[in-house]
Amino acid sequence: MKQEGVDQVKWLCDKCQRELELAKVKVRYMEGNFEVDLMKCPTCNQVYIDETLALGKMKEVEEGLEDK
Amino acid sequence: MNLDKLLETGDRCIHKEPPTCVANCPVHLEIIDFLSEIEKGNFQNAYKLMEKKMPFHKIIGRICDHPCEAPCERSKAGGSIRISDLEKAVLEYGGYKPKKVWPLPKNKGKVAIIGAGLSGLTAAVDLDKKGYVVTIYEKTNQLGGRLWDCIGDSLTEAMLLEEFKAVADKKMTTHFETNVDKNSLTQLLTEYDAVYLGTSDWEEPIEWDPITFQVGNSTLFVGGRLVNKTDSVILSASSGRRAAISIERYLSKVSLTDSRDREGVFETPLHFDISKKEPLPPIEKTVTIYSQEEATEEAKRCFKCQCRKCIEGCVHLRKFETSPDAYIRQINHNERIILGTHYANKMINSCAECGLCKEECFLDISMNDVIHETRESMVERGKMPVSAHDFALKDMAFSNSSRFSLVRKQPSKEESKDLFYYPLISFSDYVKGLYKGTGKTEYLFYPGCQLPASYPDDIKSIYEYLVGHVKGDVGIYLGCCGAPADWAGQTSLMNENIEAIKKVWTEMEQPTFILACSSCIRIFEKYLPEIKIESLWDVYVREGLPNKDHIKIPQTLSIHDACGTRENSDLHESVRKIVLKLGYGIEELEYSKEKTKCCGYGGLVYYANREQSDAFISERVGESENDLLVYCAMCKDLFVAGGKRTYHLLDLIYPKDDVESATRRMPTLSERHQNRSRVKQILLKEIWREEPMEAEMEAGYSLIIPEDVQKKLEDRYILLEDIQAVLKNAEEQNERFCNPETGEYLARLRRENVTYWVKYRKEGEAFLLTSVYSHRMEILE
Ligand code: SF4
Ligand code: SF4
Ligand code: SF4
Ligand SMILES: [Zn+2]
């Protein structure tokens with residue numbers, strides 16, 4: 001699972017007014033814990049997930065874990 | 001879950017059982033496949049099927065006495081399929097040069113064959129192929145025995161010679177002109193590991209085992225006319241082959257009898273229903289052999305007998321291209337695996353639990369029960385995918401929360417005093433009803449959760465009608481019966497819900513429940529048999545309809561019965577009486593009443609597999625040209641969403657002037673919540689004249705929602721209250737992303753087990769939503 005596409009470069013963290021950076025982020029679903037590269041604000045750590053990722057790869061992983 | 005019991009149920013299903021033709025064919029030619037290949041013009045494939053099952057197919061195919069034909073199901077609708085004529089045609093058009101097969105080394109033992117007729121040759125060739133050293137003893141000077149008498153129209157001398165040459169080429173030792181008698185047989189039995197006796201008569205009576213053809217415990221096996229006592233060539237060949245199997249098993253020291261009950265002719269358990277089939281006469285040959293076209297036409301007449309009763313009625317089984325026997329094996333596997341993917345989960349959650357399969361099956365096999373039990377087991381083992389039913393269960397929780405739930409006795413006489421003055425009391429049944437109030441609740445109106453969500457404006461009218469018409473006080477009880485928990489397999493949640501209902505019932509001194517929703521009826525019948533229930537529709541029939549002049553345009557309607565009411569024939573009749581009384585005509589659907597189908601909501605398929613739900617909807621709405629009439633709110637909403645003009649019974653009983661009710665679109669998920677809350681507010685205010693206890697839903701930000709975003713909200717099960725919460729957090733905490741190029745914001749908020757994302761732009765004071773989505777995975781920021 002990883003962030004793709006060019007769309008995200010345009011987004012800034014509104015609170016910190018900073019550009020997002022690719023970083024290792026911990027995600028969790030059911031018994032699954034992973035580290036993935038996602039875009040986030042380097043100051044407040046707010047993580048950006050776009051629609052394609054949420055409804056694509058992320059959903060696939062969720063469903064895979066639910067069927068385990 | 002009792003998996004042995006499950007597999008037993010699967011074994012009862014006759015879907016995979018052979019048709020009667022195959023069961024009556026002693027060598028079990030795969031006749032359906034054979035005919036299908038002919039139908040497709042694939043004569044060579046059909047030929048290969050003959051080669052696979054028939055000993056000496058080029059001979060037998062021409063002279064077989066075809067015991068398969070007489071019992072053919074087609075015989076009851078035009079005439080048996082001419083299987084043997086088709087075999088002749090296939091030999092004519094489908095032959096090909098066989099590939100050379102290399103013989104196995106002959107090291108498995110010595111077998112003597114007595115008699116080189118059809119059965120002896122079959123046994124000899126089979127055993128030779130398997131690697132036995134075979135020696136043939138024949139009293140005449142040629143192979144074939146009475147096959148030489150079969151030469152005629154179809155079988156020629158040249159054909160026989162060619163076949164026997166192929167046998168001779170196998171180089172089995174053959175002693176011609178050697179008569180074997182009692183004494184020489186005793187000698188042969190000592191010389192050979194086994195002996196097959198295939199002569200047509202023998203000097204003394206012999207007894208053999210009818211399954212293995214073994215004589216006592218000896219190494220002697222018999223077959224052919226001696227055993228069959230008929231001239232049937234195919235029985236002869238079959239017995240030779242079966243004896244060869246016994247000899248091989250005997251010499252390999254394995255059980256002679258294991259799983260042999262379906263060798264030779266047997267009775268198939270298949271029941272094939274031809275009651276709705278049109279008769280079609282056989283295709284006659286123009287010359288002695290079918291032309292390819294004639295053969296193809298004749299093969300087309302075959303029914304391909306197979307039990308598909310339940311599958312024909314069920315778009316779920318068809319969508320997953322499965323049958324109950326296979327389905328049950330998949331469930332069994334799904335239940336047993338510990339590590340690895342549960343591939344059947346999606347399928348199990350795509351059944352509507354509608355019960356049609358059991359209704360269609362003459363063996364009463366109920367996939368509904370099987371699947372329901374499986375869901376309960378999945379929940380119990382923590383293997384039920386949360387996302388499948390999460391939204392529906394939250395919706396149920398909403399309905400049982402203070403935002404909808406309500407219990408009230410009928411307003412007392414004392415509280416209603418101000419209404420009792422002359423014109424009102426003589427004109428209003430409702431006020432009359434209040435006036436007769438006793439304080440003891442005889443009835444409790446329980447409209448369920450979906451009807452108030454879809455018909456918020458009618459609940460009060462129905463209540464007033466009931467107070468004015470039924471004998472005794474009528475209270476109200478708003479809530480959800482628990483159908484979502486039942487469908488989701490959530491046993492403990494279900495039981496909690498049932499206990500809560502029981503408690504109200506007891507506190508109210510056991511009133512009769514008046515139910516308006518077919519799912520509620522099903523749930524009450526299943527879980528609350530002690531509570532007396534009556535359907536609203538039955539009440540209308542008994543007490544008379546509320547309004548007098550409803551009919552606008554008389555038309556013919558087709559009634560879609562709710563699948564939860566399958567067994568409730570009184571209810572079906574009440575609904576029909578009301579429709580007729582209202583002045584409409586009725587044209588019944590093929591699948592109606594106890595054979596009705598599901599609209600696509602049942603079993604929570606609507607949430608677990610939208611594609612499957614859509615398949616239910618579109619199949620059902622395509623079954624009639626007429627507008628449909630339904631009496632379940634979900635049926636109505638789904639059919640209208642599927643583009644079908646559909647009336648709910650309430651549309652006809654309480655007609656509204658401002659909208660075309662047959663096409664009224666379904667309320668959104670958020671509107672369903674709002675409508676329920678509104679029903680509660682209306683009732684409290686206008687019936688019980690109480691001030692609303694909780695403030696109506698917080699107004700929140702004003703939103704502009706374009707149509708495409710509205711669709712996303714519905715498809716992704718996102719509520720406006722989720723959106724409001726995300727926006728509130730974004731605006732107050734500034735927790736959001738911004739896009740300086742487009743001026744858009746993107747904000748997220750985790751609520752319970754879901755993270756919601758909203759993309760928006762500000763338009764003055766309002767928020768224009770540009771997209772919404774969600775995920776369940778948790779980001780640990
Ligand atoms: S209709 Fe076809 S499948 Fe059925 S018994 Fe006849 S030949 Fe066999
Ligand atoms: S219960 Fe209904 S949807 Fe499920 S298998 Fe049976 S007929 Fe099909
Ligand atoms: S109706 Fe369905 S479940 Fe019943 S025997 Fe036929 S295929 Fe099997
Ligand atoms: Zn930040």
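Does residue B:404 meet the test of being part of a loop (DSSP other than H, G, I, E, B), modelled with pLDDT of 95 or more and in contact with a helix residue (DSSP H, G or I) (Cβ under 8 Å, 6 or more places away or on another chain)?
Against the criterion (part of a loop (DSSP other than H, G, I, E, B), modelled with pLDDT of 95 or more and in contact with a helix residue (DSSP H, G or I) (Cβ under 8 Å, 6 or more places away or on another chain)), residue B:404 qualifies.
So which of B:399, B:412 ends up being touching a residue at least 60 places away in the same chain (Cβ under 8 Å), away from ligand 4 (no atom under 16 Å from the Cβ) and of a type outside the set (Val, Ile, Thr)?
Result: B:399 is the single residue among B:399, B:412 that is touching a residue at least 60 places away in the same chain (Cβ under 8 Å), away from ligand 4 (no atom under 16 Å from the Cβ) and of a type outside the set (Val, Ile, Thr).
Could you list all residues from region B:737-752 that are of a type outside the set (A, V, I, L, M, F, W, C) and either modelled with pLDDT of 95 or more or in a strand (DSSP E or B) (or both)?
Correct list: B:739, B:744, B:745, B:748, B:750, B:751.
Checking residue B:700 against (1) modelled with pLDDT under 95; (2) in contact with a helix residue (DSSP H, G or I) (Cβ under 7 Å, 6 or more places away or on another chain); (3) assigned to a helix (DSSP H, G or I): exactly one of these is not met. Which one?
Answer for residue B:700: the failing condition is (3).
Which one of these is on the phi > 0 side of the Ramachandran plot and either in contact with a strand residue (DSSP E or B) (Cβ under 6 Å, 6 or more places away or on another chain) or not assigned by TED's automatic domain parsing to the domain that holds residue B:362 (or both): B:15, B:28?
Of the residues listed, the single one that is on the phi > 0 side of the Ramachandran plot and either in contact with a strand residue (DSSP E or B) (Cβ under 6 Å, 6 or more places away or on another chain) or not assigned by TED's automatic domain parsing to the domain that holds residue B:362 (or both) is B:28.
Checking residue B:160 against (1) under 30 Å from residue B:257 (Cβ atoms); (2) surrounded by 15 or more Cβ atoms within 10 Å (Cβ to Cβ), which test does it fail?
Tallying (1) under 30 Å from residue B:257 (Cβ atoms); (2) surrounded by 15 or more Cβ atoms within 10 Å (Cβ to Cβ), residue B:160 fails exactly one: (1).
Is it true that residue B:640 is surrounded by 22 or more Cβ atoms within 10 Å (Cβ to Cβ) and free of Cβ contacts under 8 Å to residues at least 60 places away in the same chain?
yes
Do any helices (runs of 4 or more DSSP H) lying entirely in region B:242-324 carry at least 1 residues that are more than 16 Å from ligand 1 (Cβ to nearest atom), away from chain A (no Cβ under 14 Å) and buried (at least 21 other Cβ atoms within 10 Å of the Cβ), and which ones are they?
Ranges flagged: B:309-313, B:315-319.
Which one is surrounded by the fewest Cβ atoms within 10 Å (Cβ to Cβ) among residues in region B:456-470 that are touching a strand residue (DSSP E or B) at 6+ places or on another chain (Cβ under 7 Å) and not β-branched (Val, Ile, Thr)?
So the residue we want is B:463.
Which residues, counting only those in region A:11-33, are under 29 Å from residue A:63 (Cβ atoms) and more than 7 Å from chain B (Cβ to nearest Cβ)?
Selection gives A:20, A:22, A:23, A:24, A:30, A:31, A:32, A:33.
Considering only region B:118-135, state which residues are closer than 19 Å to residue B:235 by Cβ and either surrounded by fewer than 24 Cβ atoms within 10 Å (Cβ to Cβ) or modelled with pLDDT under 95 (or both).
Listed by number, the residues that qualify are B:125, B:126.
Among the residues of region B:161-170, is there at least one that is part of a loop (DSSP other than H, G, I, E, B), over 29 Å from residue B:97 (Cα atoms) and in contact (Cβ under 8 Å) with a residue 12 or more places away in the chain?
No: zero hits.
Could you tell me whether residue B:195 is surrounded by 13 or more Cβ atoms within 10 Å (Cβ to Cβ), in contact (Cβ under 8 Å) with a residue 40 or more places away in the chain, in a loop (DSSP other than H, G, I, E, B) and aliphatic (A, V, I, L, M)?
No; evaluated as a whole, the condition is false for this residue.
Which of the residues spanning region A:20-66 are within 25 Å of residue B:382 (Cβ to Cβ) and in contact with a Pro (Cβ under 6 Å, 6 or more places away or on another chain)?
A:66
So residue B:235 ticks every box in (1) within 16 Å of ligand 1 (Cβ to nearest atom); (2) in contact (Cβ under 8 Å) with a residue 60 or more places away in the chain; (3) in a helix (DSSP H, G or I) but one. Which box is left unticked?
Going through (1) within 16 Å of ligand 1 (Cβ to nearest atom); (2) in contact (Cβ under 8 Å) with a residue 60 or more places away in the chain; (3) in a helix (DSSP H, G or I) one by one, residue B:235 breaks only (1).
Output the residues belonging to region A:34-52 that are facing chain B (nearest Cβ under 9 Å) and assigned to a loop (DSSP other than H, G, I, E, B).
A:41, A:44, A:45, A:46, A:49, A:50
Given the conditions (1) more than 14 Å from chain A (Cβ to nearest Cβ); (2) within 12 Å of ligand 2 (Cβ to nearest atom); (3) surrounded by fewer than 23 Cβ atoms within 10 Å (Cβ to Cβ), which single one is not true for residue B:347?
Every condition holds for residue B:347 apart from (1).
Scan region B:354-366 and tell me whether some residue there is within 16 Å of ligand 3 (Cβ to nearest atom), modelled with pLDDT of 95 or more, within 14 Å of another protein chain (Cβ to nearest Cβ) and under 21 Å from residue B:310 (Cα atoms).
Scanning region B:354-366, I find no residue that is within 16 Å of ligand 3 (Cβ to nearest atom), modelled with pLDDT of 95 or more, within 14 Å of another protein chain (Cβ to nearest Cβ) and under 21 Å from residue B:310 (Cα atoms), so the answer is no.
Is it the case that residue B:730 is without any contact (Cβ under 8 Å) to a residue 60 or more places away in the chain, more than 29 Å from residue B:606 (Cα to Cα) and either away from chain A (no Cβ under 13 Å) or assigned to a helix (DSSP H, G or I) (or both)?
Yes.
Among the residues in region B:764-779, are any more than 42 Å from the chain's Cα centre (by Cα), assigned to a strand (DSSP E or B) and either facing chain A (nearest Cβ under 9 Å) or not aromatic (Phe, Trp, Tyr) (or both)?
Looking for residues that are more than 42 Å from the chain's Cα centre (by Cα), assigned to a strand (DSSP E or B) and either facing chain A (nearest Cβ under 9 Å) or not aromatic (Phe, Trp, Tyr) (or both), one finds at least one in region B:764-779, hence yes.
Residue-wise test of (1) within 16 Å of ligand 3 (Cβ to nearest atom); (2) in a helix (DSSP H, G or I); (3) surrounded by 22 or more Cβ atoms within 10 Å (Cβ to Cβ); (4) on the phi > 0 side of the Ramachandran plot.
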residue	(1), (2), (3), (4)
B:537	no, yes, yes, no
B:553	no, no, no, no
B:558	no, no, no, no
B:588	no, no, no, no
B:597	yes, no, yes, no
B:615	no, yes, no, no
B:636	no, yes, yes, no
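Examine region B:366-374 for a residue that is among the hydrophobic types (A, V, I, L, M, F, W, C), closer than 30 Å to residue B:87 by Cβ and either crowded, with 20+ Cβ neighbours inside 10 Å or away from ligand 4 (no atom under 16 Å from the Cβ) (or both), and state whether such a residue exists.
no
For region B:350-382, which residues satisfy the criterion of being part of a helix (DSSP H, G or I), near ligand 2 (Cβ under 9 Å from one of its atoms) and of a type in the set (S, T, N, Q)?
B:368
The values are calculated or read from the model by the stated rules, or taken from the named source; none is laboratory data. All values derive from a computational prediction rather than experimental measurement. Because the Cβ atoms are built from the backbone with ideal geometry, glycine has one as well, and the counts that use them run over all protein chains shown.
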